[in-house]
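*Asks:* To start, I am sharing the structure in question, which I have written as structure tokens.
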Amino acid sequence: MTDLLERAWLLEELDGVLAATATGGRVVLVAGEAGIGKSALVRRFTERRSADARFLLGTCDPLLTPRALGPLHDIARQTGGRLAGLLASGGPREAVFAAFLDELDQGRRPRVVVVEDAHWADEATLDLLVFLGRRMERTRALLLVTYRDDELGVDHPLRAVVGRLAPETVRHLRLPPLSGAAVAELARRAGRPAAGLRSLTGGNPLLVTEVLAAGDGVPLTVRELVLARFGGLPADAQEVVRLVAVVPTRAELWLVEEAARPAPSAVEVGVSAGLLVVGEEAVGFRHELLRQAVEGSLSALGRRELNRRVLEVLARSTGRQVDVARLVHHAREAGDTEAVLRYAPEAARQAAAVAAHREAVGHYRAVLAHADRVPAPARAELLEGYSVEAYLSGLSTEAVSARQAAVALREAAGDPEQLGETLRWLSRLHWWDGNRREAEAAAVRAIAVLETLEPGRQLAMAYSNQAQLDMLANRLEAAMPRARRAVELARRLDDQETLSHALTNIGSARLLAGDLGGREELEQGFEVATAAGLEDDAARAVGNLATIGTEMRDYQHVGADLDRALAFVQAHELAGWAQHLLGHRARLRLDLGDWAGAEQDARAALAEQVKGGPRVVDALVPLGLLQARRGDPDAAATLQEATEGAFATRELQWIAPVAAARAEHAWLHGDDRRAAEEAAAVLERAVTAAHPWFTGELAFWLRLAGAPVPVPVVVAEPYRLLLAGDWRVAAGAWQTLGCPYQRALTLACGDQDEALLEALALLDGLGARQTGQRLRRQLRRRGSLRVPRGPTRATAANPAGLTGRQVEVLGLLAEGLTDAEIAARLSLSTKTVGHHVSAVLAKLGVGSRHQATAAARRLGVVPAKDREPGGQS
């Protein structure tokens with residue numbers, strides 16, 4: 001066994017982490033560029049510890065569309081038992097995950113789960129990693145994940161997975177390049193000169209090995225290295241290597257035997273040449289880069305022919321488990337349209353069943369590229385399935401387009417039941433895409449079509465869909481009868497999904513009308529959904545209970561409601577709902593004076609990195625308000641991002657809080673005219689909707705900006721009191737509710753120094769520096785002689801006058817990161833980072849990122865760069 005140069009410390013780290021699993025499971029993330037030795041490290045660790053632990057190995061494949069839960073299928077073949085049975089029978093994803101978790105605590109030896117090449121992982125596998133990562137402490141297992149960190153773009157989903165793992169259980173290991181001394185040692189062992197070798201290879205172990213094996217006249221690329229070696233093989237060995245090259249990751253021995261019928265010596269020659277490695281059941285390339293080099297050298301016709309041969313063997317194999325995603329991959333590579341049409345729909349359905357939505361979209365796209373070959377009814381089904389998976393993947397525009405095409409086909413077929421159902425879906429998709437007008441039109445059409453038939457499940461859900469649209473638009477009186485009609489039909493038909501959906505609409509409408517009795521229907525909706533295994537419907541019921549409580553300032557219940565809802569959605573890995581609820585809890589904590597907790601929740605919500613949908617607005621508003629009140633210049637960018645997300649939806653639940661926040665931001669900076677304009681732009685909608693808290697808050701900002709405002713008919717009590725001129729009682733009402741900032745602003749409306757000074761003390765205690773400055777100016781204009789100086793700027797000690805966030809950005813600029821990379825590191829949008837960078841350059845008085853880094857080092861804002869030690873190159 002040859003030693004791994006300069007990797008002993010990594011093996012010792014892994015040994016230590018494995019030993020620590022005796023007190024609770026751990027996660028190790030092994031990162032590095034291609035060829036740096038991640039797989040070699042894992043193999044050596046497996047060899048060292050195979051007597052102490054049971055290793056379960058799974059690999060992610062670079063298929064055109066990855067296998068759903070591919071690594072778990074690999075592992076199930078090793079474990080057998082309940083896990084294998086559930087996967088083979090297409091069992092529910094939750095049951096599969098639970099069975100795997102149970103497997104980790106079997107036997108006396110700890111389990112080591114290895115997931116290789118997670119940068120190629122499918123969506124369901126990424127969900128599995130989050131599921132395991134958050135539960136590892138309950139086990140005695142080690143989860144070891146390898147991935148290429150240099151191939152992760154800003155939006156790569158693996159980044160979000162890494163951010164969601166419990167940090168206390170995670171160890172990050174990044175493999176560095178080999179030093180000049182290690183490269184020289186490898187050259188010595190090969191009997192080759194070391195001069196210039198590290199400079200040529202960058203210390204990448206794979207490249208070093210390939211260059212040393214190439215002999216004289218060193219090629220400059222991996223492709224040249226591999227093809228030079230490949231060209232020296234006899235014809236039968238070349239044929240084997242070509243065949244294996246078109247099979248990502250590895251080819252089973254039976255597959256090679258049937259597709260190529262090689263002599264045993266042909267495979268052995270490929271191994272001796274350092275291209276292939278043979279295991280007990282499969283043969284593959286020594287590294288994926290080598291496989292890609294050979295595959296890339298094949299002619300288009302040659303590649304098609306090889307894939308056709310592989311596909312024929314896989315398709316006729318009996319008694320062997322062949323993932324249908326592999327069949328689709330080889331069918332597409334072979335240009336076999338009939339095979340794509342045969343296998344891709346089933347691959348899409350299997351991916352969707354385990355929530356691998358992106359992979360399902362890929363399979364649907366593959367088959368719909370040949371839609372003209374599919375009969376109209378089947379094409380409509382494919383489009384409908386595609387629209388659902390696109391919706392669940394955050395591709396709202398594609399979802400709408402696919403559903404519209406399905407509507408046209410259903411209409412042409414004259415099938416009213418299917419037409420009504422797909423129109424109801426189209427309504428939902430239009431709403432999610434921010435097009436309420438089209439959502440309303442499709443909802444009306446769906447009901448009109450379905451009411452011509454015998455009442456069934458489709459009509460019940462169409463009624464509930466219309467009730468939901470009414471409820472979301474605060475048309476509460478219209479929502480109730482439609483939702484009750486849906487409940488009646490759902491109970492008659494024993495349709496639990498529609499029953500839960502409609503009960504949630506009724507409860508939500510009642511709460512929005514100020515009727516706490518709506519809590520009962522929401523609890524019923526939650527119970528029905530959980531009993532039926534409808535996680536998203538259950539999340540909607542318990543989530544609406546919590547978020548409407550925040551919106552309606554039900555401080556008696558909302559804290560416990562939010563905690564309960566968050567526990568549910570996080571346990572079920574519902575990231576979109578987690579973002580929504582964390583944003584609302586951030587607003588609650590902001591209102592109740594827990595500003596540190598509010599910022600923590602808002603940033604946690606943004607770190608969820610949910611793709612699509614407006615729920616990010618729920619976190620951006622409290623974060624933007626925090627920044628505005630503290631005087632952080634980032635507030636403008638945060639609120640602008642919130643504005644773009646909210647107004648795209650045309651929904652009052654997002655527009656009103658953003659309008660109020662923008663009004664406050666303008667007022668804090670002395671722009672009363674703009675503050676009044678921001679509030680007035682949305683106030684009429686809030687009044688029409690009879691929303692007491694949105695109406696009150698927007699009217700309050702008009703009043704504070706000096707604009708005349710009558711007391712609305714429907715307005716929350718603290719605002720009604722203030723607008724009626726009774727600021728003392730209004731301030732007392734806010735105190736009773738436990739809202740110190742709102743109490744301070746209300747006191748500031750009083751015409752007395754004592755009230756203003758009390759307000760100032762509250763604001764200083766909260767850290768609302770910008771708000772406090774506005775009140776201090778007001779006191780000075782009144783001629784008050786008792787204006788306290790207030791807290792010192794947090795940035796005063798910073799010679800460049802940068803905020804804490806700007807110092808973070810500058811530090812990452814100094815590391816040479818791009819705006820996109822900084823955004824990923826700090827869980828911000830690229831646009832927000834751009835604003836930060838502009839502010840940093842302006843404050844430092846420089847014109848480039850390089851000058852900013854130099855200025856920051858001069859000022860001591862970031863550490864001076866150490867002189868680099870001399871070394872071999």
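*Asks:* Which ones in segment 303-332 are open to solvent by 10 Å² or more (accessible area, probe 1.4 Å) and within 14 Å of Ala369 (Cβ to Cβ)?
*Replies:* Passing the criteria: only Arg332.
*Asks:* If you take the residues in segment 821-873 that are acidic (Asp, Glu) and not in a helix (DSSP H, G or I), which one is modelled with the highest pLDDT? Explain how you work it out, then say what you get.
*Replies:* Within segment 821-873, the subset acidic (Asp, Glu) is 821, 866, 868.
Now drop any that are not not in a helix (DSSP H, G or I), which leaves 866, 868.
Working: Asp866: 41, Glu868: 32.
Only one residue fits best here, namely Asp866.
*Asks:* Please work out if Glu451 is surrounded by 21 or more Cβ atoms within 10 Å (Cβ to Cβ) and modelled with pLDDT of 95 or more. Lay out the reasoning, then the answer.
*Replies:* Values: surrounded by 21 or more Cβ atoms within 10 Å (Cβ to Cβ): no; modelled with pLDDT of 95 or more: yes.
Answer is no for this residue.
*Asks:* Same structure, new question: Hey, among Ala413, Ala443, which residue is in contact with a Pro (Cβ under 9 Å, 6 or more places away or on another chain), small (Gly, Ala, Ser), in contact (Cβ under 8 Å) with a residue 12 or more places away in the chain and farther than 30 Å from Asp155 by Cα? I'd like the intermediate steps shown before the answer.
*Replies:* On the way: Ala443 fails: in contact with a Pro (Cβ under 9 Å, 6 or more places away or on another chain).
Only one candidate passes the filter, namely Ala413.
*Asks:* Another one. State which residue pairs qualify: first residue closer than 17 Å to Lys38 by Cβ and inside segment 1-22, second residue open to solvent by 30 Å² or more (accessible area, probe 1.4 Å) and not in a helix (DSSP H, G or I) in any location, beta carbons under 6 Å apart, and separation of 6 or more residues or different chains.
*Replies:* Pairs that qualify, where the first residue is closer than 17 Å to Lys38 by Cβ and the partner is open to solvent by 30 Å² or more (accessible area, probe 1.4 Å) and not in a helix (DSSP H, G or I), are Val17/Arg26; Val17/Arg171.
*Asks:* I'm trying to understand the selection: among the residues of segment 656-674, which are open to solvent by 10 Å² or more (accessible area, probe 1.4 Å) and either outside any helix (DSSP H, G or I) or without any contact (Cβ under 8 Å) to a residue 40 or more places away in the chain (or both)?
*Replies:* Arg662, His669, Gly670, Asp671, Asp672, Arg673, Arg674
*Asks:* Output the residues belonging to segment 484-501 that are more than 33 Å from the chain's Cα centre (by Cα) and either open to solvent by 20 Å² or more (accessible area, probe 1.4 Å) or of a type in the set (D, E, K, R) (or both). Write out each step before concluding.
*Replies:* The initial filter retains those residues of segment 484-501 that are more than 33 Å from the chain's Cα centre (by Cα), namely 484-494.
Within segment 484-501, Arg484, Arg485, Glu488, Arg491, Arg492, Leu493, Asp494 meet the criteria.
*Asks:* Something else about it: Would you call Asp149 within 20 Å of the chain's Cα centre (by Cα), under 27 Å from Arg43 (Cβ atoms) and modelled with pLDDT under 90?
*Replies:* On the way: within 20 Å of the chain's Cα centre (by Cα): yes; under 27 Å from Arg43 (Cβ atoms): yes; modelled with pLDDT under 90: yes.
Spelling it out, Asp149 is indeed within 20 Å of the chain's Cα centre (by Cα), under 27 Å from Arg43 (Cβ atoms) and modelled with pLDDT under 90.
*Asks:* Given the conditions (1) crowded, with 16+ Cβ neighbours inside 10 Å; (2) out of contact with any His (no Cβ under 8 Å at 6 or more places or on another chain), and given that Glu438 satisfies all but one, which numbered condition is not satisfied?
*Replies:* Of everything listed in (1) crowded, with 16+ Cβ neighbours inside 10 Å; (2) out of contact with any His (no Cβ under 8 Å at 6 or more places or on another chain), Glu438 misses just condition (2).
*Asks:* Follow-up. Can you tell me which residues in segment 297-316 are outside any helix (DSSP H, G or I) and either within 21 Å of Leu69 (Cα to Cα) or touching a residue at least 12 places away in the same chain (Cβ under 8 Å) (or both)? Full working, then the answer.
*Replies:* Let us first name the residues in segment 297-316 that are outside any helix (DSSP H, G or I), namely 298-299.
Passing the criteria: only Leu298.
*Asks:* Which condition number does Pro66 fail, the rest of (1) open to solvent by less than 50 Å² (accessible area, probe 1.4 Å); (2) in a helix (DSSP H, G or I) being met?
*Replies:* (2)
*Asks:* Now, a different point. When both residues are 6+ apart or on different chains and their Cβ atoms are under 6 Å apart, which pairs have a first residue that lies in segment 713-731 and is over 18 Å from Leu756 (Cα atoms) and in contact (Cβ under 8 Å) with a residue 40 or more places away in the chain, and a second that is surrounded by 14 or more Cβ atoms within 10 Å (Cβ to Cβ) and not acidic (Asp, Glu)?
*Replies:* That search, which allows pairs on different chains as well, returns Ala716/Pro692; Ala716/Trp693; Ala716/Gly696.
*Asks:* Further, regarding this structure: Restricting the first residue to segment 417-433 and requiring it to be under 16 Å from Ser393 (Cβ atoms), which pairs with a second residue that is aliphatic (A, V, I, L, M) meet a Cβ separation below 7 Å and a spacing of at least six or different chains?
*Replies:* Leu429/Ala399; Leu429/Val400; Asp433/Val400
*Asks:* Yes or no: Arg403 among the charged types (D, E, K, R) and open to solvent by 20 Å² or more (accessible area, probe 1.4 Å)? Let's see the steps before the verdict.
*Replies:* On the way: among the charged types (D, E, K, R): yes; open to solvent by 20 Å² or more (accessible area, probe 1.4 Å): no.
No.
*Asks:* Quick check on Gly593: is it assigned to a loop (DSSP other than H, G, I, E, B), of a type outside the set (A, V, I, L, M), touching a helix residue (DSSP H, G or I) at 6+ places or on another chain (Cβ under 8 Å) and open to solvent by 30 Å² or more (accessible area, probe 1.4 Å)? Reasoning before the result, please.
*Replies:* Numbers: assigned to a loop (DSSP other than H, G, I, E, B): yes; of a type outside the set (A, V, I, L, M): yes; touching a helix residue (DSSP H, G or I) at 6+ places or on another chain (Cβ under 8 Å): yes; open to solvent by 30 Å² or more (accessible area, probe 1.4 Å): no.
The answer is no for Gly593.
*Asks:* For segment 159-200, how many residues meet the condition of being under 29 Å from Arg138 (Cβ atoms) and modelled with pLDDT of 90 or more? Working first, answer last.
*Replies:* In the first step, residues of segment 159-200 are kept if they are under 29 Å from Arg138 (Cβ atoms); the result is 159-174.
Restricting the remaining residues to those that are modelled with pLDDT of 90 or more gives 170-174.
Summing the residues that are under 29 Å from Arg138 (Cβ atoms) and modelled with pLDDT of 90 or more in segment 159-200 gives 5.
*Asks:* So which residues in segment 597-644 are closer than 20 Å to Asp433 by Cα, open to solvent by 30 Å² or more (accessible area, probe 1.4 Å) and not in a loop (DSSP other than H, G, I, E, B), if there are any at all?
*Replies:* Result: Gln640, Glu641, Glu644.
*Asks:* Answer with yes or no whether Glu268 is part of a helix (DSSP H, G or I), farther than 20 Å from Gly231 by Cα and either open to solvent by 40 Å² or more (accessible area, probe 1.4 Å) or of a type in the set (Val, Ile, Thr) (or both).
*Replies:* Values: part of a helix (DSSP H, G or I): yes; farther than 20 Å from Gly231 by Cα: no; either open to solvent by 40 Å² or more (accessible area, probe 1.4 Å) or of a type in the set (Val, Ile, Thr) (or both): yes.
Spelling it out, it is not the case that Glu268 is part of a helix (DSSP H, G or I), farther than 20 Å from Gly231 by Cα and either open to solvent by 40 Å² or more (accessible area, probe 1.4 Å) or of a type in the set (Val, Ile, Thr) (or both).
*Asks:* Still on this model: Looking at segment 675-692, which of its residues are in a helix (DSSP H, G or I) and either open to solvent by 30 Å² or more (accessible area, probe 1.4 Å) or among the small types (Gly, Ala, Ser) (or both)? Explain how you work it out, then say what you get.
*Replies:* Pass one, segment 675-692, residues in a helix (DSSP H, G or I): 675-688, 692.
Once the filter is applied, which keeps residues that are in a helix (DSSP H, G or I) and either open to solvent by 30 Å² or more (accessible area, probe 1.4 Å) or among the small types (Gly, Ala, Ser) (or both), segment 675-692 yields Ala675, Ala676, Glu677, Glu678, Ala679, Ala680, Ala681, Glu684, Arg685, Ala686, Val687, Thr688.
*Asks:* With respect to His330, determine if the residue is within 27 Å of Ala245 (Cβ to Cβ), under 26 Å from the mean Cα position of the chain (by Cα) and part of a helix (DSSP H, G or I). Steps first, please.
*Replies:* Values: within 27 Å of Ala245 (Cβ to Cβ): yes; under 26 Å from the mean Cα position of the chain (by Cα): no; part of a helix (DSSP H, G or I): yes.
In short, no.
*Asks:* In segment 660-688, which residues are more than 16 Å from Gly706 (Cα to Cα) and touching a Gly at 6+ places or on another chain (Cβ under 7 Å)?
*Replies:* Ala661
*Asks:* Is it the case that some residue within segment 474-483 is open to solvent by less than 60 Å² (accessible area, probe 1.4 Å), in a helix (DSSP H, G or I) and farther than 27 Å from Val714 by Cβ?
*Replies:* Just the residues of segment 474-483 that are open to solvent by less than 60 Å² (accessible area, probe 1.4 Å), to begin with: 474, 476, 478-480, 483.
With in a helix (DSSP H, G or I) added as a condition, the list becomes 476, 478-480, 483.
Applying the additional criterion that residues be farther than 27 Å from Val714 by Cβ yields none.
Within segment 474-483, not a single residue is open to solvent by less than 60 Å² (accessible area, probe 1.4 Å), in a helix (DSSP H, G or I) and farther than 27 Å from Val714 by Cβ.
*Asks:* Now for a different question. If I ask for residues that are within 20 Å of Arg358 (Cβ to Cβ) and surrounded by fewer than 20 Cβ atoms within 10 Å (Cβ to Cβ), which ones from segment 94-117 would you list?
*Replies:* Once the filter is applied, which keeps residues that are within 20 Å of Arg358 (Cβ to Cβ) and surrounded by fewer than 20 Cβ atoms within 10 Å (Cβ to Cβ), segment 94-117 yields only Glu94.
*Asks:* In addition: Would you check if there is a residue in segment 747-760 being under 18 Å from Ala666 (Cα atoms) and in a helix (DSSP H, G or I)?
*Replies:* Step one: list which residues in segment 747-760 are under 18 Å from Ala666 (Cα atoms), which gives 748-749.
Among the residues that remain, those that are also in a helix (DSSP H, G or I) are: none.
There is no residue in segment 747-760 that is under 18 Å from Ala666 (Cα atoms) and in a helix (DSSP H, G or I).
*Asks:* Among the numbered criteria (1) of a type in the set (Gly, Ala, Ser); (2) open to solvent by less than 40 Å² (accessible area, probe 1.4 Å); (3) within 30 Å of Ser179 (Cβ to Cβ), which single criterion is violated by Ala260?
*Replies:* Of the numbered conditions (1) of a type in the set (Gly, Ala, Ser); (2) open to solvent by less than 40 Å² (accessible area, probe 1.4 Å); (3) within 30 Å of Ser179 (Cβ to Cβ), the odd one out for Ala260 is (3).
*Asks:* Continuing with this model, one more query. Say whether the condition of being at pLDDT 95 or above, buried (at least 24 other Cβ atoms within 10 Å of the Cβ) and closer than 30 Å to Ala733 by Cβ is met by at least one residue in segment 525-542.
*Replies:* Within segment 525-542, one or more residues are at pLDDT 95 or above, buried (at least 24 other Cβ atoms within 10 Å of the Cβ) and closer than 30 Å to Ala733 by Cβ.
*Asks:* For segment 547-558, indicate whether the set of residues that are over 19 Å from Ala578 (Cβ atoms), open to solvent by less than 40 Å² (accessible area, probe 1.4 Å) and among the basic types (Lys, Arg) is non-empty.
*Replies:* Of segment 547-558, the ones over 19 Å from Ala578 (Cβ atoms) are 552-557.
Next cut, open to solvent by less than 40 Å² (accessible area, probe 1.4 Å) only: 552-554.
Imposing the further condition that a residue be among the basic types (Lys, Arg) reduces the set to 553.
Taking every residue of segment 547-558 in turn, at least one turns out to be over 19 Å from Ala578 (Cβ atoms), open to solvent by less than 40 Å² (accessible area, probe 1.4 Å) and among the basic types (Lys, Arg).
*Asks:* Among the residues that make up segment 371-390, is at least one of them closer than 30 Å to Val130 by Cα, more than 19 Å from the chain's Cα centre (by Cα), small (Gly, Ala, Ser) and surrounded by 23 or more Cβ atoms within 10 Å (Cβ to Cβ)?
*Replies:* Within segment 371-390 (the criterion being closer than 30 Å to Val130 by Cα, more than 19 Å from the chain's Cα centre (by Cα), small (Gly, Ala, Ser) and surrounded by 23 or more Cβ atoms within 10 Å (Cβ to Cβ)), the answer is yes, since at least one residue qualifies.
The values are calculated or read from the model by the stated rules, or taken from the named source; none is laboratory data. Quantities reported herein were computed from a predicted structural model and do not represent experimental measurements. Backbone-built Cβ (ideal geometry, glycine too); neighbour counts: all protein chains shown. The accessibility values were calculated without ligands, DNA or RNA, using every heavy atom of the protein model including side chains. Shrake-Rupley method; radii C 1.70, N 1.55, O 1.52, S 1.80 Å.
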